[in-house]
Amino acid sequence: MDAACPICERHFYTHNIQAHVEECLARSAAPTPVKAIKASSKPSPLSSSNKRSPTPPKQARNGNDSEPSLAKKAKLLAQSNAPMAERLRPKALQDLLGQDELLGPDKPLRCMLESGKIPNMILWGPPGCGKTSLAMVVAQLVQANTRFVSLSATTAKVATVREVFEKAVSEYQLLGRSTVLFVDEIHRFTKLQQDSFLPCVENGTITLIGATTENPSFEINSALLSRCRVFTLNKISTATIKALLQRGIRSGYVLPNGWDPESPPAIDMDDDALEYLAHQCNGDARIALNSLEMAVHGQKKDPASNVIKITEEDVRAGFRRSHALYDRKGDVHYDCISALHKSVRGSDADASLYWLGRMLEGGENPLFIARRLIVIASEDVGLADLHALPIATATFQACHAIGTLYSNSDLCLLGATGMPECEKNLAHCVVYLARAPKSVEAYKAYNNVKAFLANSVGPAPEVPLHLRNAPTPLMKDLGYGKEYKYNPDYEGVVDQTYLPGELIGLPSFFNHVKKPQ
């Protein structure tokens, strides 16, 4: 998506054109260099103070006559070198595909954008779901007296952001011109750096649009978050991905370099190839479009028919495996371990193995999973199968031992993870825990104890004297351990209390706890 500068007629991407126009205006307003004045053959301005400066020679004034053609070539070069996903970014709101929950007809966000009311917002979603594309469409919707600035937190420094704020304040006070600031990957800024946004967002000097792949609840300053609306963008559906790929084929942007613009080749892509690619990209439009481009560039056109044929095998050749969306430090990390835990708790061995595989194949640390299995062994299996905890503990030790062995081996390039051998230990343990009987008797009873202690009023009851140890004569004289009945010396149940006197007679902590089968 590009636009021409109204001053020099050069072409730039839309999100960069504003900065270039301002630079051009500044250059045109600058005083004429002294060297240029001396080079003039006309009389000094002192002798003709009431006359305008002479018109520059036609050749000098039109020195950029060839610039439109050069700009056109630069445009074609940019189109051929930029990834297809960048070249095919939508130019208008109606061109956006997917996210119908937010941008469908009569949806709140769409209505606000169409009315020109752009709120402070955080766009949260996985890679390739359209966050940046939506922001670039907003750049086209802003009013004429609004400036749109685009930054990326991966490269912008705090000084750059402050410079944007200072300019926004000046323009708002002097010209009444507001600023819309788009910050991509806003979670890259620290919480302290995000504080610098607060004053300008609070007084409306800037309208902030932030894009992030991380959970805003954890990564965005709570004060800043309270001033923005969070819009959640989902992975793009398979049907929408297919429509996007078909649009890409029709657009011509997918064609390789060197094609004849007078007779461009046609793209003939099998339905099976389209279906395969749409499913394999895991809802990521960027991966889908760039993979399509790779498949097309890897084929030659048929000279007779002027057609580039793409089959499913061609797509598979450049797309060997499914794109696994997994981040060891992000939300998917916690979501997958939660799904594994709940699947084991629900005794579904198939689902348990599936989530285990998702995590391991995504690069998860096996020891992290093994630690959670130890928790499951006591929390969910508990007293129903006393072998569960030793097996889970042994699994952790096995993963650790294999990882140590691999980390000391010069032949291993996988570090200390112990993969792939320890996956067998984890699968063994996961299936055992999933099939084991379940009991939360001890787990819930202890939760009842914690709740009782948290709700207790007044001083904690003293430990009864007969339960106290008496290692010294003084303690014996004080009655410590007196009348304690040593259970092995008695047959049957010993008539002896073990709770403080104040708690005797209260309901058992095991009441309302499901007993093991």
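Peptides 182-190, 220-228, ordered by how many other C-beta atoms sit within 10 Å of their residues on average, highest first, read 182-190, 220-228. Annotation: amide H-H contacts under 5 Å for residue 207 (H modelled 1.01 Å from N, sequence separation of 5 or more, or interchain): 179, 180, 181.
A full extension of the chain between residue 191 and residue 309 corresponds to an added length of 37.4 nm, given 0.36 nm per residue minus the alpha carbon distance. Packing, taken as the mean count of other beta carbons within 10 Å per residue, orders the peptides 497-507, 381-391 from highest to lowest as 381-391, 497-507.
Backbone geometry of the range 121-136 corresponds, through the Karplus equation with coefficients 6.51, -1.76 and 1.60 at θ = phi - 60°, to 3J(HN,Hα) couplings of 8, 10, 9, 10, x, x, x, x, 9, x, 5, 5, 4, 5, 5, 5 Hz, x marking Gly and Pro. Our coupling estimate for the range 429-437, obtained by passing each phi through the Karplus curve with A = 6.51, B = -1.76, C = 1.60 and θ = phi - 60°, is 5, 4, 5, 4, 5, 5, 8, 5, x Hz, Gly and Pro reported as x.
Evaluating 6.51 cos²θ - 1.76 cosθ + 1.60 at θ = phi - 60° for every residue in the range 472-481, the Karplus couplings come out as 10, x, 4, 5, 5, 5, 7, x, 5, x Hz, glycine and proline recorded as x. Compute the Cα gyration tensor for the range 441-503, then decide on rounded, prolate or oblate, letting a ≥ b ≥ c be the square roots of its eigenvalues: rounded whenever a/c is under 1.5, prolate when a/b is larger than b/c in the other cases, and oblate in all that remain. Note, shape of the range 441-503 comes out oblate. Taking amide H as placed 1.01 Å from N in the peptide plane, the amide H of residue 269 sits under 5 Å from that of 310, each at least 5 places away or on another chain.
Read-outs: derived from the displayed coordinates by stated rules, not from any lab. This structure is a prediction, so every number in the text was calculated from the model and none was measured. Positions of Cβ are backbone-derived with ideal geometry, glycine not excepted, and every protein chain shown enters the neighbour counts.
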